[in-house]
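Peer 1: One structure, as structure tokens, below. Some questions next.
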Amino acid sequence: MSFTVIKHPLILDKLTRMRRKETSSKDFRENLNEIGQLMVYEIFRDVPLSEIEIETPVQKTLGYTITKPVVLIPIIRAGLGMTEGIQTLVPTSRIAHVGLYRNEETLEPVQYYAKPTQDIDKSFVIVVDPMLATGGSASKAISIAKEWGAKNIKFVCLVSVQEGVDRLLKDHPDVDIYTASLDPILNEDGYIVPGLGDAGDRIFGTK
């Protein structure tokens, strides 16, 4: 398993825009989509390729194509905010869904929805959620993906803390983690500090 913080200047600039409390839902969503696109380059660095023969306007030549199907698994609802950006660059990807909410007393995830795709066991699977806080929701979603047969799994988030990273390292040592920021701490309510607030609320304008 690897843990990668993608510190590209464009990502850092857009993440700073998202952290500002005065940023509108529209600007928050747009920057989130753009960060998702920028992170794709690193996430897909080791994706398997097959050599194929094609014909250009000049002659036949050899090219490359992604070998495995790609499946995105956003954790509903906030994970939906990163999915569009990734799918823009990987338009053939399919989308499974996992719906989880956090019990505010125990801070543990509760499942209320799960819908897989076909051939997930043969796919390059990316579980997506903007926040990796306690790690409970991410770990649960990855467990669900594994129950469906997924083997080649990566977890992608925007902001993380060490506690959540450690939880995934313990529960799923075979899953690579990608994030745009490792923030210092969780507060007593289980929110990332400094973080960017409740990602779902800011994406959908519900607060």
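Peer 1: Going by Cα centres, the range 146-203 and the range 103-127 are how many Å apart?
Peer 2: Going from one Cα centre to the other spans 14 Å.
Peer 1: I've got another one for you. Which residues make up the longest stretch of the chain clear of GluC sites (Glu not before Pro) that lie in a DSSP loop with no more than 10 other Cβ atoms within 10 Å, not counting the sites?
Peer 2: With GluC sites (Glu not before Pro) excluded where exposed in loops, the chain gives 106-187 as its longest stretch.
Peer 1: A further question follows. Name the most mobile residue of G79, G63, G164, meaning the one with the largest mean-square fluctuation, in a Gaussian network model of the chain with Cα contacts below 10 Å.
Peer 2: G63
Peer 1: Okay, moving on. Just flag the trypsin sites (Lys or Arg not before Pro) in the range 36-93 sitting in loop per DSSP whose Cβ has no more than 11 other Cβ atoms within 10 Å. If you can, show how the numbers build up before the last one.
Peer 2: Values: sites: R45, K60, R77; in loops: R45, R77.
Sites meeting the loop and neighbour criteria: R45.
Peer 1: With θ set to phi - 60° and the Karplus curve 6.51 cos²θ - 1.76 cosθ + 1.60, what are the ³J(HN,Hα) couplings of the range 159-171 in order, to the nearest whole Hz, using x for Gly and Pro?
Peer 2: 10, 9, 10, 4, 4, x, 4, 4, 4, 5, 4, 6, 7
Peer 1: For the range 1-92, taking Cα atoms only, what is the radius of gyration to one decimal and the Dmax to the nearest whole Å?
Peer 2: Here Rg and the maximum Cα pair distance are 16.9, 55 Å.
Peer 1: Computed over the Cα atoms of the range 105-197, what is the convex hull's projected area averaged over all directions, in nm²?
Peer 2: Mean orientational projected area (the range 105-197, Cα hull): 6.1 nm².
Peer 1: Relative to the longest principal axis of the chain, what angle (0 to 90°, nearest 10) does the C-alpha long axis of helix 80-89 take?
Peer 2: 20
Peer 1: Percent of alpha carbon pairs in the range 87-143 separated by more than 17 Å? Before the final figure, lay out each step's value.
Peer 2: Details: 706 of 1596 pairs.
Within the range 87-143, distances greater than 17 Å cover 44 percent of Cα pairs.
Peer 1: For S24, put the label point 7 Å out on the Cα→Cβ axis and report which residues of the range 180-207 keep their amide N under 17 Å from it.
Peer 2: 202-207, by backbone N distance to the label point.
Peer 1: Could you give the angle, 0 to 90 degrees to the nearest 10, between helix 25-43's Cα long axis and the longest principal axis of the Cα atoms of the chain?
Peer 2: 50
Peer 1: Let me ask you something else. Taking the Cβ-Cβ separation of T16 and D189 as r and a Förster radius of 25 Å, what is the calculated FRET efficiency to the nearest 0.05?
Peer 2: It comes to 0.60.
Peer 1: Same structure, new question: Do you know the relative contact order of the chain, to the nearest whole percent, from alpha carbon pairs under 8 angstrom that are 6+ apart? Please list the in-between numbers first.
Peer 2: Details: 394 pairs, mean separation 46.4, N = 207.
After rounding, I find 22 percent.
Peer 1: Oh, and also: So what's the net charge close to G149: Lys and Arg +1, Asp and Glu -1, counting the other residues with Cβ under 15 Å from its Cβ?
Peer 2: So the surrounding residues net to +2.
Peer 1: For the chain, what is the mean residue ellipticity at 222 nm derived from helices alone (per DSSP H run of n ≥ 4: -39500 (n - 2.57); sum divided by total residues; nearest 500 deg cm²/dmol)?
Peer 2: -10000 deg cm²/dmol
Peer 1: Quick check: pseudo-label points 7 Å beyond the Cα along Cα→Cβ at F204 and E42, how many nm apart are they?
Peer 2: 2.9
Peer 1: Treat each spin label as a single point 7 Å out from the Cα along the C-beta direction, and report the Y64 to K122 distance in nm.
Peer 2: 2.2
Peer 1: State, to one decimal in nm, how far the label point of F3 lies from the label point of K151, with both points 7 Å from Cα in the Cβ direction.
Peer 2: So the two model labels end up 2.7 nm from each other.
Peer 1: Continuing with the same structure: At q = 0.13, 0.14 Å⁻¹, what is the log10 ratio I(q)/I(0) for the chain, with the Debye formula run over Cα points and no solvent?
Peer 2: Taken in order of the listed q values, log10 I(q)/I(0) reads -0.69, -0.79.
Peer 1: Of K60/K154; K26/K170; K14/K170; K115/K154; K14/K154, which pairs sit farther than 26 Å apart, going by alpha carbon to alpha carbon?
Peer 2: K60/K154; K26/K170; K14/K170, as the Cα separations exceed 26 Å there.
The numbers here are math on the coordinates, done by the rules we state, and not lab data. Note that the structure is predicted; figures quoted are calculated from it, not measured. Note that we place each Cβ from the backbone using ideal geometry, even for glycine, and neighbour counts take in every protein chain shown.
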